[in-house]
Amino acid sequence: MEPDVSIETSCMIRIAVLPIGTVPPTLLRDYHSMLLRHHRIPLSAISSFYTEHQKSPFTQQPWDTGSLRFKFVLGGAPPSPWEDFQSNRKILAVIGICHCPSSPDLDSVIEQFNFACKGYSSALVKRCFAFSPSDSHLENGAKKGENLLLFPPADLQMQEFHLQTMMQDIAASLLMEFEKWVLKAESAGTLLKTPLDSQASLNSEEVIKAKKRRLARAQKTIGDYCLLAGSPVDANAHYSTALELARLTSDFFWYAGALEGSVCALLVDRIGQKDPVLEEEVRYRYNSVILHYRKSFIHDNAQRVSPLSFELEATLKLARYLCRRELAKDVVELLTSAADGAKSLIDASDRLILYVEIARLFGTLGYQRKAAFFSRQVAQLYLQQEKRSAAICALQVLAMTTKAYRVQSRASISKHSLSGETGSSYADGGKRHHQSVVSLFESQWSTLQMVVLREILLSAVRAGDPLAAWSAAARLLRSYYPLITPAGQNGLASALTNSAERLPSGTRCADPALPFVRLYSFPMLPSQMDIIKRNPGRDDWWVGSAPSGPFIYTPYSKVDPNDSSKQELIWIVGEPVQVLVELANPCGFDLRVDSIYLSTHSENFDAFPVIVDLPPNSSKVITLSGIPTSVGVVTIPGCTVHCFGVVTEHLFRDVDNLLLGAAQGLVLSDPFRCCGSAKLKNVSIPDISVVPPLPLLLSHVVGGDGAIILYEGEIRDVWISVSNAGTVPVEQAHISLSGKNQDSVISIAYEALKSALPLKPGAEVTVPVTLKAWQLGLVDHETASTKSASGSTGRHLKDGSSPSLLIHYSGPLMSSGDQSVLPPGRRLVVPLQINVLQGLSFVKARLLSMEIPANVGENLSTPVSVDSTEGIIGSENKMEKLMKIDPFRGSWGLRFLELELFNPTDVVFEISVSVRLENSNKDGLSSDQDATEYGYPKTRIDRDYSARVLIPLEHFKLPILDGSFFVKDLKSDGSTGGRNSSFSEKNTKAELDASIKNLISRIKVRWQSGRNSSGELNIKDAIQAALQTSVMDVLLPDPLTFGFRLVRKDSEKAKKLGLPKDSVLAHDMTPMETIVRNNTMEVIKISLSVTCRDVAGENCIEGSKGTVLWSGVLDEIAMEVLPLQESRHCFSLYFLVPGEYTLVAAAVIDDANNILRARAKTDSPDEPIFCRGPPFHVRVTGTV
Amino acid sequence: MIACVAVVGHQNNPLYIQSFTEADDALKLHHIVHCSLDVVDERVNNPKKSGPTLNETFLGLLYPTENYKVYGYLTNTKVKFIIVTTHLDVRDADFFRRFHAAYVDAVSNPFHVPGKKITSTTFAERVSTIVKSFGLSSAG
C-alpha cells in the first residue's frame, strides 16, 4: 500500500529525486520544493521540446488542455512488485540534485549519479541538476555527459525559470519515451506478471488462458501509459478493450485494475467538473472495482500475497474522492470497512499506512475523535517497531491526537490561541474564564486521556526526547494524580527527574507539573507604611482620601463605577513587597521546589526566589517577595517554579479554573482541599501600579517600644523618635490623634516635628508627648452610665483603649508642572501602648464640721464688715492656718472634706492637697488673693494601707444669701413668691451643682510615687457626692448673723487692774450689744432673744438661782433688719460669779419669705423659722 | 446484547459509562463512545431538513464498528445517550426512552450537581435492569 493515494494517482509520473554527493538537508528541501512547483507540466508548454519520431500512438492527445503530472519521490523508493500491474508505480525518471559547493568534483558526482540510477531500471529519463556551480565547474561542466545539468548561479527567479525549462524538457523526453514504449508493447507485447499469479508451472489449459490474459493485461498497461502521457481518451479506449478481455478470461484482478484506470481517465478527461452524475458514475465503478478486487482473492496464495491491499486502496481512493461533509455517512462506511479490513493485512507497514490514511480522511471529514483514535492506532503500530525513529514518529502522531483528547501541551496551545488570548484585555476576563471552563468538560474522559499521555510518555522516552517526556509526565501527574496510585506517582516523579537529567539546566517547559500554586492574598501594607492618596484641593490633603470611621466599607463613600470590582494596589519603587501564595502537593511523595518566585511579564519587578519543601499531601502558604524597580504597571499572572529540574510557569488563572471546575464537579479533585487546606475565596489579582519613591517614616518610643505603664491619673512625658528611612525627604507632616482615650494625650510638641521639616533621608526627630493616664474605674463608670447598665464592674480594658498618633506626611510635590499626578502621601500610625494600672482607690468621702465658740470681746468678730476674712485670719488672730473663723457665724468653724484612700498597689504613694483660692465673690474684692494656693503637708500611704486626707473647705461661703442661687425662683415669682416650688427647686439644684463644681475644680489632690511617677487624683465625683447632702451648709451663709460685743466705757478700771482689754469683770456692770446682720436682700423682721448660760449649761439669767443680773431687754425684742445691714441691740449684764459663761442669741423670723424657707428647708408656710446664733464665750474674771 | 451504555453531557463530558461485557474491554468501549460523539456532533450541527427527523430524539445507528453497532439518542438539553450493541438492531427509541426516564429521575435528585458524573447506585441498578430486559425481549 502507498500513502496519499487518490483516484488521480494512476495518472502521475513518478520521479525519484535523489541527493547526489552531500547536500545540506535544508538546501535539499528547498530544491525539492522548487521541483514541487512543477508537478504539472501542460502539454502545450512542452511542444517545443517534443519531436515526433514516429507516428504517436496517443492519437487523441489533448495538446491544448492536457498536461503531464509528476509525483516527486524524495530519496526514491525500492521497486514495487506490483509495477507491472500499475505502471504509475514505476519510477519513470530520476532527478539527481547536487549542490556544487559541497561536492566540487563533478566527475565523482556523475559517477555517484550513475550508480544511484542503477537501482531504477524502470527509469526512462535521468537528469542530474547541479546547483550553484563555480566558474571552474561551468567551464568543464559542459563536456560532461548530457545528464549533468549545471544551473548557472543566478537569483531565485532565474533559477526557477531554468528549472521550469528543464522540467519541460524532461516532460517531453518522457512523453517520447512513453510513445516508444507503447509502440513496442503494441507490436511485440510484453509479459506482465504480478505476485498474485501462480508461480507453479501452468498446465496446458492455463497456458492458453494466460495468453488470452496477456492481451488484456497489455491493453491495460498501454492504457496506463496513455494516462501517464496525459491522453485520457486513448487510455479509455485501451481500458475498454482490456476490460472486455479481462472479463472473458475472468482475470478479476486486472479487470479491477483496468476499471480503476478507466475511472481515472474519466476524471482526467472531465477535470474540474463535479456533477452528481459523474460522481454517481465514479462511485458505481469504484464499488465494482472494490468488488472485483475482492473477487480476485485466491485462497492458495493468501498467505503470501493478497489483493486485499488493492481493495483497501481502492476504498480509500473512493473515500477521498467522496470526502465531503454531505457524504459523511458514505465515507464513514467506507472507512469503517477499510478499518475492518486492516486486521487481515499481512504487512504491518500496510496497516500503518491504512490507519494513517483513515485518520487523515476522518480528520478532513471533521471527525476529530475518530481521527485521533486511528492516529493512536498508528502510534501503537509505530511503537511496535523497536526503532527510535519509529518512536519519534509515534510521538509526533500522538502529539496530533492531544487536541481531540484535550490533553494538549500548553506549548501547542500557545502557538495558536494563547497569543490572542493574552492580547485580549482584562475586561472580558469573565468570558474567557467561561471558555476555559468549557474545555474542562471534555477533559473528563480521564480513562482515555491517561492512556494517551502514558503513550506519549512512553514514546518520548523511547524517542529520546526528554522535554516531551517531561511535559507528558507533568501533564499526567498534574491532571490525574487522584487516579494514580502512590507507586505510580512515584514512578512519574522519577520519570520527571530522569528526563530533567538529560535536559540542560534551566530548560523551560510550557506545561507545569507540581506543585499547585494559587494566590492566597496580597497583604496590605503595615499601618506604618500606609499610602494615602492626596486630596489635591485641600491643605489637609489626607482628609477624605482614607476611609474614616469604624467601617471598612461605607455605602456613602463615593464609588467609581469603573474600578468598583477591582481593588487597586500601589507599590513603591525600591520598597520590598510581599505576596502570599499557597502551594499544594497532593501526591504521595516529598516534593522539593528548588525555587519559586513571582513571574511578572512587566520588566519592572525583581522577584526573590524561595526554596520550599512540601511533604506528601500537604499545602503551605508561603510569602514571595520582590522589589519593584521602576514606575509603571506590574502584572503578576503566576509564579515561575523550578521543580523536577525544569523551569515552568504556573498561572494563577489555570488553578482558579481548576478550582472552579472542582467546585462544579468537572475536575477530579481539588488539590488544595484534599491537602486539608480550607476553601478560599477567589482572590482577584488587583491592578498594581508602581509609583516613584516616597518618604518612609519609622517611629519608636525612646526608652523602649514596650507598653508605657502608668498608674491611674499619672502624668508622664514620652519621647517618640521619628526617622525617615526612605530616600525622599519629608516635606509635610501633620500629627493627629485617633482611637479611644484621646484626652489622655495632654500635649504633643507639634513644633518639634514642624521645625525639623524637611526631614532628610536618614534624619531623625524626637517629638515629646505628655500623657495622662485615664481612670480605669471612670471608663467603666462612663460606659455603665451611657449604656444604663450598672452590671459591668471592674471590666479589664483591652489594648484597643490606647490612643494612636497619626502622622500624615508626604514628600516633595513633583517639580514638573504636571499637577494632575500628585505623588501620594503616607500615614504613620504610632500606637501609644499605654497600660494603665490601678492606682490609689477611693474609699469614701465625707464632710466633717465642728464649731469652736468665740470669745466675746470688744472688737469681736465684727462680722458686718465681713469682707476682710483674711484680715481676721492672717493678721490679727495669728491662728493656726487650719483654723478659720466663720465670718458669718462669728464662731470658729472647721469644715473638712475627708477622703479615705486605699493603696492597693505595691508602691508607696504620697498625697498632697492644694487648694487654689479664688473667691466666688463676683465683686473681686480680694482679687489679690485669687491665685493663692494653699499647700498642706503631704500624706504618705503605704501599700495595702488606707489613709485619710483632709481638705479644708471653709473658704467657700458666699457672702450674701440672695437670689443668686434661686435666680429662676426670684425672677419667676418676683415679689409675689412661691407658686412653682418644684420648678424652682430644680433650678436651685442646678445652680448649686454649678457652684459645687466650681468649688471642686479648685481642689487638686496630687500624688507622687517614687521618683518618676506623679499624677493627680480624680476625685471630683467623690467630692461632689460628699457635698451634695450638705451643700447648703457649706456654701450658703445663714440668713442672719449674730454677734456679741462688749461696749466698754469704763476701761479705766480694767486698766487699773492690769487686765486684758476685753476681759469681763465680775460685780461690774458690763454693757454689751448684740449685733444682728441680715445676709439677705430683703428686710427681715425678727423677734430676738438673748440667753446666758453658765458652765453647767444652766440658764443663769432667769429663774430663782440666776447668777447674772441684767438690764435692758433680753427677750422678744422685735427688730427689723434692713437688707445687708445690721441692727444692734444694747443691754448690760452684771455677773455675780466669776467663771465661764456662754451667750447665745436666737431669733424667730416673722413673715419669712421663700428664700428663707428654702434655706431653712421647710415647706409649710406656717412653720416659724427659727435662727440661732453660735454660742459666744465670756470669761468673767473675779475680783476680790 | 448491549455491550455498553453511556450518558454524555451537553459539553461532551461523560456523565455515566457502564459496560456489560465480561471481557476487559472498558477502554475500547470508552473509545467507541468517545468516537461516536463525532457523529452526534455532526448530526447536531447539520440537522437534516427532512420532516420525520426534525424533532426526533432517536438518532438511530450512529456507525458500525468492528463487532459493534453504536446507537444514539439526543435529548433537547443536548444530553446524549449512547449504547453499543453487538450485532443487535435497535429499531425504535423505546429503550432510550426508558433510559432517558431513569436519567431524568437521577438528575432530579436535589443532591445531584448538574454536570457532575452520576454516581447514584439506584440509577446504575435501574439501567442494568433496562439493559437486561432489553436483551431478553430482543432475544426472545
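Would you confirm whether or not the range B:41-50 contains a residue that is surrounded by 14 or more Cβ atoms within 10 Å (Cβ to Cβ), under 22 Å from A:Asp330 (Cα atoms), out of contact with any Leu (no Cβ under 8 Å at 6 or more places or on another chain) and modelled with pLDDT of 75 or more? If you could, list the steps in order and put the result at the bottom.
Applying the first criterion (surrounded by 14 or more Cβ atoms within 10 Å (Cβ to Cβ)) to the range B:41-50 yields B:41-44.
Among the residues that remain, those that are also under 22 Å from A:Asp330 (Cα atoms) are: B:41-44.
Going one step further and asking which of them are out of contact with any Leu (no Cβ under 8 Å at 6 or more places or on another chain), we end up with B:41-42.
Those left that are additionally modelled with pLDDT of 75 or more: B:41-42.
Scanning the range B:41-50, I find at least one residue that is surrounded by 14 or more Cβ atoms within 10 Å (Cβ to Cβ), under 22 Å from A:Asp330 (Cα atoms), out of contact with any Leu (no Cβ under 8 Å at 6 or more places or on another chain) and modelled with pLDDT of 75 or more, so the answer is yes.
What number goes with the only condition from (1) within 14 Å of chain B (Cβ to nearest Cβ); (2) free of Cβ contacts under 8 Å to residues at least 12 places away in the same chain; (3) among the aliphatic types (A, V, I, L, M) that A:Leu448 does not pass?
For A:Leu448, the exception is condition (2).
Sort out which residues of the range B:60-83 are crowded, with 20+ Cβ neighbours inside 10 Å, within 14 Å of chain A (Cβ to nearest Cβ) and of a type in the set (A, V, I, L, M, F, W, C), and write them in order of number.
Correct list: B:Leu62, B:Val70, B:Ile82.
Out of curiosity, is A:Asp613 at pLDDT 85 or above, surrounded by fewer than 17 Cβ atoms within 10 Å (Cβ to Cβ) and more than 16 Å from A:Asp687 (Cα to Cα)? So that I can check it myself, show each step before the final result.
Details: at pLDDT 85 or above: yes; surrounded by fewer than 17 Cβ atoms within 10 Å (Cβ to Cβ): yes; more than 16 Å from A:Asp687 (Cα to Cα): yes.
Criteria met by A:Asp613.
Conditions (1) outside any helix (DSSP H, G or I); (2) more than 37 Å from the chain's Cα centre (by Cα); (3) free of Cβ contacts under 8 Å to residues at least 40 places away in the same chain, marked per residue:
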residue: A:Ile456; (1), (2), (3): no, yes, no
residue: A:Ala460; (1), (2), (3): no, yes, no
residue: A:Ala473; (1), (2), (3): no, no, no
residue: A:Leu476; (1), (2), (3): no, no, yes
residue: A:Ser479; (1), (2), (3): no, no, no
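For the range A:327-335, check the following and say yes or no: at least one residue is in contact with a Lys or Arg (Cβ under 6 Å, 6 or more places away or on another chain), within 14 Å of chain B (Cβ to nearest Cβ) and part of a helix (DSSP H, G or I).
No, the range A:327-335 contains no residue that is in contact with a Lys or Arg (Cβ under 6 Å, 6 or more places away or on another chain), within 14 Å of chain B (Cβ to nearest Cβ) and part of a helix (DSSP H, G or I).
Would the range A:732-751 turn up any residue that is within 29 Å of A:Thr629 (Cβ to Cβ) and assigned to a strand (DSSP E or B)?
yes
Which ones in the range A:339-393 are more than 12 Å from every other protein chain (Cβ to nearest Cβ), within 15 Å of A:Leu308 (Cα to Cα) and part of a helix (DSSP H, G or I)?
Within the range A:339-393, A:Ala348, A:Ser349, A:Asp350, A:Arg351, A:Leu352, A:Ile353, A:Leu354, A:Tyr355 qualify.
Just to be sure, is B:Leu54 surrounded by 12 or more Cβ atoms within 10 Å (Cβ to Cβ), modelled with pLDDT under 85, closer than 28 Å to A:Leu327 by Cβ and not small (Gly, Ala, Ser)?
For B:Leu54, the condition - surrounded by 12 or more Cβ atoms within 10 Å (Cβ to Cβ), modelled with pLDDT under 85, closer than 28 Å to A:Leu327 by Cβ and not small (Gly, Ala, Ser) - is not met.
Just to check your reading of the model, which residue among A:Ser738, A:Ser677, A:Ser721 is modelled with pLDDT under 70 and either away from chain B (no Cβ under 14 Å) or touching a helix residue (DSSP H, G or I) at 6+ places or on another chain (Cβ under 7 Å) (or both)?
Answer to the selection: A:Ser677.
Filter the range B:66-94 down to residues that are among the polar types (S, T, N, Q) and either within 16 Å of B:Met1 (Cβ to Cβ) or at pLDDT below 75 (or both), then give me how many there are. Walk me through how you get there before you give the answer.
Going through the range B:66-94, the residues among the polar types (S, T, N, Q) turn out to be B:67, B:75-77, B:85-86.
The next check asks that each one be either within 16 Å of B:Met1 (Cβ to Cβ) or at pLDDT below 75 (or both); those that pass are B:67, B:85-86.
Qualifying residue count for the region: 3.
Among the residues of the range A:586-610, count how many are of a type in the set (S, T, N, Q) and modelled with pLDDT of 85 or more.
1
I'd like to know if the range A:290-305 contains one or more residues that are within 14 Å of another protein chain (Cβ to nearest Cβ) and among the hydroxyl-bearing types (Ser, Thr, Tyr). First the steps, then the outcome.
Step one: of the range A:290-305, the residues within 14 Å of another protein chain (Cβ to nearest Cβ) are none.
Among the residues of the range A:290-305, not one is within 14 Å of another protein chain (Cβ to nearest Cβ) and among the hydroxyl-bearing types (Ser, Thr, Tyr), which makes the answer no.
Of the residues A:Tyr293, A:Tyr255, A:Tyr284, which is in a helix (DSSP H, G or I), hydroxyl-bearing (Ser, Thr, Tyr), modelled with pLDDT of 75 or more and farther than 28 Å from A:Pro62 by Cα?
Every option except A:Tyr293 fails the conditions.
Output the qualifying pairs, or none if there are none: Cβ atoms under 8 angstrom, residues six or more apart or on different chains, first residue in the range A:660-675 and surrounded by fewer than 21 Cβ atoms within 10 Å (Cβ to Cβ), second residue modelled with pLDDT of 70 or more and of a type in the set (Asp, Glu).
A:Ala662/A:Asp670; A:Ala663/A:Asp670
Could you grab me the full set of residues in the range A:12-33 that are in a helix (DSSP H, G or I) and of a type in the set (Ser, Thr, Tyr)?
Once the filter is applied, which keeps residues that are in a helix (DSSP H, G or I) and of a type in the set (Ser, Thr, Tyr), the range A:12-33 yields A:Thr26, A:Tyr31, A:Ser33.
Any residue at all in the range A:275-284 that's away from every other protein chain (no Cβ under 14 Å), touching a residue at least 24 places away in the same chain (Cβ under 8 Å), surrounded by fewer than 23 Cβ atoms within 10 Å (Cβ to Cβ) and not acidic (Asp, Glu)?
Yes, the range A:275-284 contains at least one residue that is away from every other protein chain (no Cβ under 14 Å), touching a residue at least 24 places away in the same chain (Cβ under 8 Å), surrounded by fewer than 23 Cβ atoms within 10 Å (Cβ to Cβ) and not acidic (Asp, Glu).
Does A:Ala237 count as crowded, with 24+ Cβ neighbours inside 10 Å and either over 60 Å from the mean Cα position of the chain (by Cα) or at pLDDT below 80 (or both)?
On the way: crowded, with 24+ Cβ neighbours inside 10 Å: no; either over 60 Å from the mean Cα position of the chain (by Cα) or at pLDDT below 80 (or both): yes.
No: the conditions fail for A:Ala237.
The values are calculated or read from the model by the stated rules, or taken from the named source; none is laboratory data. All figures in this text were calculated on a predicted structure; none of them were measured in a lab. As a convention, Cβ positions derive from the backbone with ideal geometry for all residues, glycine included, and neighbour counts pool all protein chains shown.
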